[in-house]
Structure formats: structure tokens, C-alpha cells
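Taking it in order: structure first as C-alpha cells, then the write-up.
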Amino acid sequence: MAGVVDTSEFRKGMKIEIDGEPFEILDFQHVKPGKGSAFVRNSIKSLLTGRVLQPTLKSGEKVGRPDIEEKDMQYLYSQGDEYHFMEAKTYEQTFITAAVLAEAKNFLKENINCSVMFYNGKALGITLPNSVELKVTKCDPGIRGDTVSGATKPAILETGYSVNVPLFINEGDVLKIDTRDGKYLTRTATV
């Protein structure tokens, strides 16, 4: 544990430690009832298991600050269920399983830089750039003139991720994809 934090310092996205387990604050609300002491309603997500809890803490109560370290790393390759990353400064390598990566694995392309979060030396997850450029490997042919209709079709990207795109997109096009929600942003290059 790397110190303590008071409930008055809570912010969305802050990492805290309760009963030896690291959590991320998803939401919180300070409540001052007419009778009794103030308290804080929380919605927190476990960084180890992904479960979401909603504990209530007394106002002014102190919780731990977890020993979390973030390292800038480069994605190298995947082997089976393991995704391998390398720290650029030390060339130290680590792997993260597909289960831990969850949706982030859909946007991993070789040599992409990302931030890897470690808790007590164990990789917990990654933070990707807000957008990535991925090539379309499979989709129905584009139709000339279908640029304004707003209709979409499914396209498979080089990572195997499926995204809905406008009708004018063709195989081989390079698309900018938002990593936060997985949606198509724009076409950056054509065949």
C-alpha cells in the first residue's frame, strides 16, 4: 500500500485499495442526511477480478492507495492466449492474457505503444491511445455514390474485430477506430 486517501479526495478513475484489493472508482456521491453523519456512496470496480461493488463509507474515512505503476510499453505479438509487450527503455518483456485485456485486444496491432498498469509486479490491463488505424480485411464491395445515405455494413479489420462502416468502404481501406467505444471514425487511406 502506497499511502492513504480520505473519502473527500475521491475522484472518478482514482485507484483505491480496500481489504488488500485494488479498485477503480467508477462513481461516488457525498450524502449529508438531515439526521446522522455524512457518508459516501461508491461504485467501484475491482482491478483484479472486474467485479463491481457499491460500498458505503463514512465521510472522512480513510482507505489505502494501491501500489500501482504504469509503464509505457510496445505491443510485440500474440502467442495463443498471451499478448506480449516490451518496455522501450529496458527491453523488459511481459505478457498479458486475453481475459485480462478484454476488449482492448481488438485494437492491438504490432508495434503499437500503450500504457500497461502493474499492481505488485503483475500486469492488470492496458490503456490504449484514443484511436488506432486498422486495415479492412473483409467487407462487401463499396458502391459508388453511397456516401451520404447513412447506411452501414459490417467490416472485418486486420485484428479480427468487426465494426459497422459506411457503404463506400472497401477491402484494403485503412480506418481510424475509436478505442474507447470501438466505433468507426473516418477513412484515412484507400486502396
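The values are calculated or read from the model by the stated rules, or taken from the named source; none is laboratory data. Remember, predicted model here, so these are calculated numbers, not experimental data. Every residue, glycine among them, receives a Cβ derived from its backbone with ideal geometry; neighbour counts consider all protein chains shown. SASA here: full protein model, heavy atoms, side chains in, ligands and nucleic acids out. Shrake-Rupley method; radii C 1.70, N 1.55, O 1.52, S 1.80 Å.
Of everything in the stretch 174-191 that is within 18 Å of the chain's Cα centre (by Cα) and within 17 Å of E110 (Cα to Cα), the residue that is modelled with the lowest pLDDT is T179. Any residue in the stretch 36-48 that is assigned to a loop (DSSP other than H, G, I, E, B), on the phi < 0 side of the Ramachandran plot and under 20 Å from the mean Cα position of the chain (by Cα)? Yes, the stretch 36-48 has at least one match. Pick from the stretch 179-191 the residues that are in contact with a Pro (Cβ under 9 Å, 6 or more places away or on another chain) and assigned to a strand (DSSP E or B): which of them is least open to solvent (accessible area, probe 1.4 Å)? Top of the filtered list is Y184. For the stretch 57-78, filtered to residues that are of a type in the set (A, V, I, L, M) and open to solvent by less than 40 Å² (accessible area, probe 1.4 Å), the residue that is nearest to A123 (Cα to Cα) is M73. Going by the structure shown, is V40 out of contact with any helix residue (DSSP H, G or I) (no Cβ under 8 Å at 6 or more places or on another chain), surrounded by 10 or more Cβ atoms within 10 Å (Cβ to Cβ) and not basic (K, R)? For V40, the condition - out of contact with any helix residue (DSSP H, G or I) (no Cβ under 8 Å at 6 or more places or on another chain), surrounded by 10 or more Cβ atoms within 10 Å (Cβ to Cβ) and not basic (K, R) - is not met.
Inside the stretch 161-178, residues that are hydrophobic (A, V, I, L, M, F, W, C), closer than 16 Å to A151 by Cβ and not in a loop (DSSP other than H, G, I, E, B) make up a count of 2. Looking only at residues in the stretch 79-129 that are open to solvent by 50 Å² or more (accessible area, probe 1.4 Å) and aromatic (F, W, Y), the one that is nearest to E17 (Cα to Cα) is F95. For first residues located in the stretch 52-75 and under 14 Å from N42 (Cα atoms), partners that are among the aromatic types (F, W, Y) and open to solvent by 60 Å² or more (accessible area, probe 1.4 Å) and lie 6+ apart or on another chain with Cβ distances below 7 Å do not occur.
Can you pull out every residue in the stretch 159-173 that is among the β-branched types (V, I, T), open to solvent by less than 40 Å² (accessible area, probe 1.4 Å) and at pLDDT 85 or above? Answer for the stretch 159-173, where residues must be among the β-branched types (V, I, T), open to solvent by less than 40 Å² (accessible area, probe 1.4 Å) and at pLDDT 85 or above: V163, V165. F168 fulfils the conditions (1) within 12 Å of V132 (Cβ to Cβ); (2) among the hydrophobic types (A, V, I, L, M, F, W, C); (3) in contact with an Asp or Glu (Cβ under 6 Å, 6 or more places away or on another chain) except for a single criterion, (1). Against the numbered list (1) more than 29 Å from G50 (Cβ to Cβ); (2) open to solvent by 40 Å² or more (accessible area, probe 1.4 Å), K176 comes up short only at (1). Within the stretch 49-71, the set of residues being outside any loop (DSSP other than H, G, I, E, B), farther than 19 Å from S37 by Cβ and of a type in the set (V, I, T) comprises V52, I68.
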